[in-house]
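The structure appears below as structure tokens.
Bear in mind that the values in this text are calculations on the coordinates, not laboratory data. Values in this document were obtained by computation on a predicted structure and should not be read as measured data. Here the Cβ is made from the backbone with ideal geometry for all residues, glycine too, and neighbour counts use every protein chain on show.
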Amino acid sequence: MAMDANEIERRIKAALPDARIEIRDLAGDGDHYAATVISEAFRGKSRVQQHQLVYAALQGDMGGALHALALQTNVPD
């Protein structure tokens with residue numbers, strides 16, 4: 001079963017409470033999403049480390065319930 005955008009956002013918010021999150025369904029199929037996540041938790045971390053924080057929030061569902069997630073991360077201005 002696919003993961004919906006609200007569940008993705010809920011999980012990211014649980015791990016990164018200050019995050020500003022925008023999620024887009026890229027194909028309209030509930031399987032391919034793009035997410036922009038902005039959080040102070042990313043400050044001082046490499047892009048890979050930032051993405052690892054988001055993937056960890058998804059609790060191992062990448063490649064399973066969540067087929068594809070194009071991810072952009074950044075720190076607040």
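Things worth noting here:
- Computed magnitude of the charge dipole of the chain (debye, nearest 20; Cβ of K, R +1, Cβ of D, E -1): 340
- When the Gaussian network model of the chain links Cα atoms closer than 10 Å, the mean-square fluctuations of ARG20, ARG11, ARG47 top out at ARG47.
- Here the relative contact order of the chain, from alpha carbon pairs under 8 Å that lie six or more residues apart, stands at 36 percent.
- Bridge orientation summary for the chain: considering DSSP beta bridges with both residues in this region, about 45 percent are antiparallel.
- Of the residues GLY28, MET3, PRO76, the one whose Cα sits farthest toward the positive end of the charge dipole of the chain, with +1 on the Cβ of Lys and Arg and -1 on the Cβ of Asp and Glu, is PRO76.
- The ellipsoid equivalent to the alpha-carbon distribution of the chain has semi-axes of 20, 12, 11 angstrom, derived from the gyration tensor eigenvalues as √(5λ) and listed largest first.
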